[in-house]
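The values are calculated or read from the model by the stated rules, or taken from the named source; none is laboratory data. Please read all numbers here as calculations on a predicted model, not as lab measurements. Virtual Cβ from ideal backbone geometry, glycine too; neighbours counted across all protein chains shown. In case anyone asks, the SASA skips ligands and DNA or RNA and just uses the protein heavy atoms, side chains included. Shrake-Rupley method; radii C 1.70, N 1.55, O 1.52, S 1.80 Å.
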Amino acid sequence: MPATTTLPPGPRLPGIVQVGLAQRDPLRWFCGWNERYGDVYTMRFPVLGSTAMVCHPDVAKQVFTDPVRLPAGEANASIEPLVGRRSTLLLDDDEHMERKRLLLPALHGEAIQRYREVMAEVTQEEIATWRPGVVFSAREATQRITLEVIMRVVFGITEPARREAYRATMAGFVDGAGSLALFVQALRIDLGGRTPWGRFLARRGEVRRLLREEIAQRRTDGTEGRDDILSLLLDARYEDGSPLPEEDLVDELLTMLVAGHETTANGLAWALELIGRAPAVRARLDEELARGETAYLDATVTEVLRLRPPVFDAVRRVREPVELGGFTIPAGCSVSVLSCAIHQRDDVYPGAKDFRPERFLDGGRAGTYSWLPFGGGTRRCIGAAFAQLEMQVVLRELLCGPRLELVRDEPEHVKMVSVTLVPAAGVPVRLAS
């Protein structure tokens, strides 16, 4: 099909209304607009402006394999206040690849397998706090688990008193990460504790101060014998032998905190929700875990991330006109690869709305451009292997521990908070009697 010179069709509602609908029911509206307008359609966002929404694996491949015309760092500029201007998420071109090569050895392969025991221990400590008959939010419980894992595994904070001092500060910072002021310049009004922006700046300053102190203490004590990610990054060197500058290191640690806390916590909460409403899946998990087998558990994690990807899209900024799906997207526009819509396609995943972990067994594979909870191409999240390992380890402990039961009769509603898909009620649970 010849390329047109205009953006694809899309909903004509005011941008603020489009975003409001998507926030309240993202899967309904993103997927509904896909069905109505086609595999590439246009949305209007109050901040990003006109954005081409990509809902087909083949077009997603085009986006992810063209980092020169479709850079990700420029598209992520709005989150600079959150992760810092030297975060990997904001870098492009050769600089991004150099940083990724530096970071990847600490977050991949055999390097992360050493963290299994700590992840399991943290989960067991959380389980020990639960009391029979007491209803609690599974999402809040998984948030506590993932924050604790980050403090021990990423930051290497092992002393209980020191972890306690860090916990409240870091939790407060992450809780403020969804503030509209992060994405709307006009709302960035600093009146100290009287405005959301002022409170966010204060929390960010405190977290950055704590991280600098931890870096200084680690340099004083030395990294020998330590395997936390902070220590590994302090020892890491670029090809020219230079270390990661301190402020860059702080930015990367903040990125790991923001990207690795809320997203993995949401994934785990969704797993408990979906498994809790699928007795046959739960029975098979119980049987296989009792035999020490984990293939079905791994498939379950993959299926959870398909149905409820914690981050629902991956955004790029158009440097120069590019043809996508028969339309020429002009420079200056944004492109959003909607993983949540691609994952819901029946032509890609038969019975796509059904929770069926077995679709990823017996040769069923997660496609490179059809399974995208961590993005794709050279910008695929470098923490993907870590996140999947954490979900597998934590979920195994939760399933093998005291049995949880869902409190609500109706399934959890999906809502959009910032760039994440969140269970609206937090997945209320209690220990089964």
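Before moving on, here are some points about what is shown:
- 1.4 Å probe accessible area per residue over the stretch 121-163, in Å²: 43 Å²
- Each peptide in 231-243, 363-375 gets a packing score, the mean of other Cβ atoms within 10 Å over its residues, and the list from highest to lowest is 363-375, 231-243.
- Considering only Gln124, Leu297, Ala341, the residue lying farthest towards the positive end of the dipole of the chain is Ala341, judged by Cα position with unit charges set on Cβ.
- Rounded to the nearest 10 Å², the accessible area of Thr220 at probe 1.4 Å: 110 Å²
- The lysines within cross-link reach of Lys415, meaning a Cα-to-Cα straight distance under 30 Å and a gap of 8 or more places when in the same chain, are Lys61, Lys353.
- Scaled against 2.2 N^0.38 Å for its residue count N, the alpha carbon radius of gyration of the stretch 10-83 is 1.19.
- Scattering profile of the stretch 111-179 at q = 0.18, 0.19, 0.20, 0.25 Å⁻¹ [log10 I(q)/I(0), Debye over alpha-carbon scatterers]: -0.77, -0.85, -0.93, -1.22
- Reference-scaled alpha-carbon Rg (2.2 N^0.38 Å with N residues) for the stretch 179-323: 1.47
- Positive-end extreme of charge dipole, the chain - chosen from Leu89, Pro57, Pro14 (charges on Cβ): Pro14
- Per residue, the accessible area of the stretch 231-346 comes to 32 Å² when a 1.4 Å probe rolls over the protein heavy atoms.
- Net charge of Cβ neighbours under 13 Å - reference Ile145; Lys, Arg +1; Asp, Glu -1: -3
- Expressed as a whole percent, the accessible area of the chain that falls on carbon and sulfur atoms is 52 (1.4 Å probe).
- Dipole magnitude of the chain, debye to nearest 20 (Cβ charges: Lys/Arg +1, Asp/Glu -1, about Cα centre): 1180 debye
- Averaging the Cα positions of each part gives two centres, and for the stretch 290-348 and the stretch 254-276 these lie 17 Å apart.
- Cα gyration tensor category, rounded, prolate or oblate, for the stretch 239-397 with a/c compared to 1.5: oblate
- Nearest-20 debye value, the stretch 63-130 charge dipole, Cβ charges on Lys, Arg, Asp, Glu: 80 debye
- Normalised by the number of residues in the stretch 3-101, the mean separation of alpha-carbon contacts (under 8 Å, six or more apart) gives a relative contact order of 19 percent.
- Helical content of the chain, expressed as a calculated mean residue ellipticity at 222 nm, amounts to -14500 deg cm²/dmol (DSSP H runs of 4 or more residues, -39,500 (n - 2.57) each, divided by residue number, nearest 500).
- Prolate/oblate/rounded call for the stretch 8-139, Cα gyration tensor, a/c under 1.5 rounded: oblate
- Loop-located trypsin sites (Lys or Arg not before Pro) in the stretch 50-122 (DSSP state other than H, G, I, E, B) with a sparse environment of at most 14 neighbouring Cβ atoms within 10 Å: Arg85, Arg114.
- Label corresponding to log10 I(q)/I(0) by the Debye sum over Cα atoms at q = 0.09, 0.11 Å⁻¹ when calculated from the structure given, among [x] -0.80, -0.99; [y] -0.69, -0.99; [z] -0.58, -0.89: [z]
- When every Cα-Cα distance of the stretch 314-420 is counted in 10 angstrom steps from zero, the calculated P(r) takes the values 10, 29, 38, 17, 5, 1 percent.
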